[in-house]
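Chemist: I have a structure here, written as structure tokens, and I will follow up with some questions on it.
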């Protein structure tokens, strides 16, 4: 008869949590721009509560190695969540581009070439709350890669082919970028940063 050694640390639990949570959270990111918020408000409290209950049960049963395994699991979950939280926009855009780049390219390239020097673009994603705190991402086709320095610098600025200052530019592949406008700013709208490119 095999004797189970409860003194060993169970490494399989942290590994399963890291792999499972990475796949789950990445899948949620593809489905919704609010996945990060859902993780923080719903999934994280449940995972933390379950882990704390398991730690308490292991402590009561005097199994310190099991406590350590569950603590490592909790740490792994928090680490994965933090990485996804701080890179949510970039990860979401990269995964969406990887899955549907043909469709996005076709939609942007079907547009007529702008006569005013602006780059061809499409609204790629918009988030906000009933007209307040709206954030818009645009997919931009830049045939000359003038946006490449902006994507490398990770700095806000006013860039050629975009009608107003933007918060962030990221490169998806050669000639293709996503651009995040400031909150409540939209391409073609005459708002605070004058994104319509009009005087006054």
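Chemist: Just checking, does the range 132-146 include any residue being exposed (fewer than 12 other Cβ atoms within 10 Å of the Cβ), within 27 Å of residue 32 (Cα to Cα) and at pLDDT below 85?
Modeler: Taking every residue of the range 132-146 in turn, at least one turns out to be exposed (fewer than 12 other Cβ atoms within 10 Å of the Cβ), within 27 Å of residue 32 (Cα to Cα) and at pLDDT below 85.
Chemist: Moving on. Looking at 89, 5, can you tell me which residue is touching a strand residue (DSSP E or B) at 6+ places or on another chain (Cβ under 9 Å) and at pLDDT below 85?
Modeler: 89
Chemist: May I pose another question? Restricting the search to the range 35-68, which residues are touching a residue at least 40 places away in the same chain (Cβ under 8 Å) and either in a helix (DSSP H, G or I) or surrounded by fewer than 13 Cβ atoms within 10 Å (Cβ to Cβ) (or both)?
Modeler: Looking only at the range 35-68, we keep the residues that are touching a residue at least 40 places away in the same chain (Cβ under 8 Å), and these are 35-36, 39-40, 63, 65-66, 68.
35, 36, 39, 40, 65, 66, 68 - these are the residues of the range 35-68 that are touching a residue at least 40 places away in the same chain (Cβ under 8 Å) and either in a helix (DSSP H, G or I) or surrounded by fewer than 13 Cβ atoms within 10 Å (Cβ to Cβ) (or both).
Chemist: Condition (residue is closer than 30 Å to residue 12 by Cβ, under 22 Å from the mean Cα position of the chain (by Cα) and modelled with pLDDT of 90 or more) applied to the range 105-121: is it met by at least one residue?
Modeler: In the first step, residues of the range 105-121 are kept if they are closer than 30 Å to residue 12 by Cβ; the result is none.
Scanning the range 105-121, I find no residue that is closer than 30 Å to residue 12 by Cβ, under 22 Å from the mean Cα position of the chain (by Cα) and modelled with pLDDT of 90 or more, so the answer is no.
Chemist: Let me ask something additional. I need the full set of residues from the range 71-84 which are within 15 Å of the chain's Cα centre (by Cα) and crowded, with 16+ Cβ neighbours inside 10 Å, in order please.
Modeler: 80, 81, 84 - these are the residues of the range 71-84 that are within 15 Å of the chain's Cα centre (by Cα) and crowded, with 16+ Cβ neighbours inside 10 Å.
Chemist: Going residue by residue through the range 69-76, is there one that turns out to be part of a helix (DSSP H, G or I), within 30 Å of residue 128 (Cα to Cα) and touching a residue at least 12 places away in the same chain (Cβ under 8 Å)? First the steps, then the outcome.
Modeler: Our first condition is that a residue be part of a helix (DSSP H, G or I); within the range 69-76, this holds for 69-76.
When the remaining residues are screened for being within 30 Å of residue 128 (Cα to Cα), the result is none.
Within the range 69-76, not a single residue is part of a helix (DSSP H, G or I), within 30 Å of residue 128 (Cα to Cα) and touching a residue at least 12 places away in the same chain (Cβ under 8 Å).
Chemist: Right, here's the next one. I'm trying to understand the selection: among the residues of the range 165-184, which are surrounded by fewer than 21 Cβ atoms within 10 Å (Cβ to Cβ) and part of a loop (DSSP other than H, G, I, E, B)? Before the answer, list the steps.
Modeler: Here is the first cut: in the range 165-184, the residues surrounded by fewer than 21 Cβ atoms within 10 Å (Cβ to Cβ) are 165, 167-168, 170-176, 180, 182-184.
Once the filter is applied, which keeps residues that are surrounded by fewer than 21 Cβ atoms within 10 Å (Cβ to Cβ) and part of a loop (DSSP other than H, G, I, E, B), the range 165-184 yields 165, 167, 174, 175, 182, 183, 184.
Chemist: Assuming residue 97 fulfils every condition listed in (1) outside any helix (DSSP H, G or I); (2) modelled with pLDDT of 90 or more; (3) under 18 Å from the mean Cα position of the chain (by Cα) apart from one, which condition is it?
Modeler: Unmet for residue 97, out of (1) outside any helix (DSSP H, G or I); (2) modelled with pLDDT of 90 or more; (3) under 18 Å from the mean Cα position of the chain (by Cα): (1).
Chemist: Within the range 146-164, which residues are in a loop (DSSP other than H, G, I, E, B) and out of contact with any helix residue (DSSP H, G or I) (no Cβ under 7 Å at 6 or more places or on another chain)?
Modeler: 146, 147, 154, 155, 156, 158, 160, 161, 162, 163, 164
The values are calculated or read from the model by the stated rules, or taken from the named source; none is laboratory data. The shown structure was predicted, so the numbers you read here are calculated from the model rather than taken from an experiment. As a convention, Cβ positions derive from the backbone with ideal geometry for all residues, glycine included, and neighbour counts pool all protein chains shown.
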